[in-house]
Amino acid sequence: MVAPVITIDGPSGSGKGTLCQLLAAELNWHLLDSGALYRIVGLAAERKGIDFDDGSALAELAVSLEVEFNPSVSGEPSAVILNGEDVSAAVRAETTGALASKVAVHDPVRQALKELQRSFLTAPGLVADGRDMGTVIFPAAPLKIYLTASVKERAERRFKQLKNKGESVNLAALLEDIQLRDERDMNRAVAPLKPAADAIVIDSTATAVEEVFVKVLERVKAVYKI
Ligand code: DC
């Protein structure tokens, strides 16, 4: 039997990263952070000076990368090792999110990462975090969530997160970055960000992610009878 999977898609700052970590920890399932894969390609492309308009060069780079995800320690996101170097901090930077969104518009890049993403689906189960988990990567998933929140709320959440990490940030600039990223992710020709037809759409603008977690966990238990 194929292992169980839950897909969680949504725009940046919707709280899906936290929701996915909580679910994976509670269920003891694997976690696919598909955004990290696009971020790694974006980061490596910038370091190598590859043209961001050259989809086939970017796809070639995507298949050549040696990436390792070291397991998370005490609830922290897992460490990302690229060609032997720990690039965890660089991968999670806001600027890398924008690079990821640029490489992600190219179909050859998305194709290059497809099988790798599907290979994460193994027992005991998978929580898949991304933009096209329910629409393209795991279209047969019996439980699909689309998590969203207003742009203002998402920018404020990001602002607090970055401030807590000691980074100097500007709320207006963050809001603009998020709007630009939404625009690119939602309007690209391939695998645009949108809820799957059978997704449950949750707006977390006025709800804490911990509350969303409780609701989604109930759904998981009902769907998979666990
Ligand atoms: O979830 P994230 O912020 O780490 O994602 C970074 C970018 O990568 C996002 O703006 C668009 C792209 N992405 C994608 O196109 N498809 C995915 N499944 C995950 C991320």
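FYI, it's all coordinate maths here, none of it is from the lab. Not measured: the values here are computed from a predicted model. Here the Cβ positions follow ideal geometry from the backbone for every residue, glycine too, while neighbour counts run over all protein chains shown.
Quick rundown of the values:
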item	result
Lysine pair count for the chain [Cα-Cα under 21 Å; pairs on different chains or 8 or more apart]	24
Ordering of 86-94, 163-171 by burial proxy (mean other Cβ atoms within 10 Å per residue, highest first)	86-94, 163-171
Packing-based order for 115-127, 95-107, using average beta carbon neighbours within 10 Å, highest first	95-107, 115-127
Farthest toward positive dipole pole in the chain [+1 Lys/Arg, -1 Asp/Glu at C-beta], among L61, L143, A24	L143
Normalised alpha carbon radius of gyration of the range 49-171 [divisor 2.2 N^0.38 Å]	1.19
Where labels lie 7 Å past Cα in the beta-carbon direction, separation of K225 and Q111 in nm	4.0 nm
Backbone HN-Hα couplings from phi across the range 23-38 [Karplus 6.51/-1.76/1.60, Hz, Gly and Pro as x]	5, 5, 5, 5, 8, 6, 9, 6, 10, 9, 9, 5, x, 4, 5, 5
Cα coordinate range in the chain, projected on the principal axes (Å, largest first)	49, 42, 36
Per-peptide average of other Cβ atoms within 10 Å, ordering 78-85, 178-185 highest first	178-185, 78-85
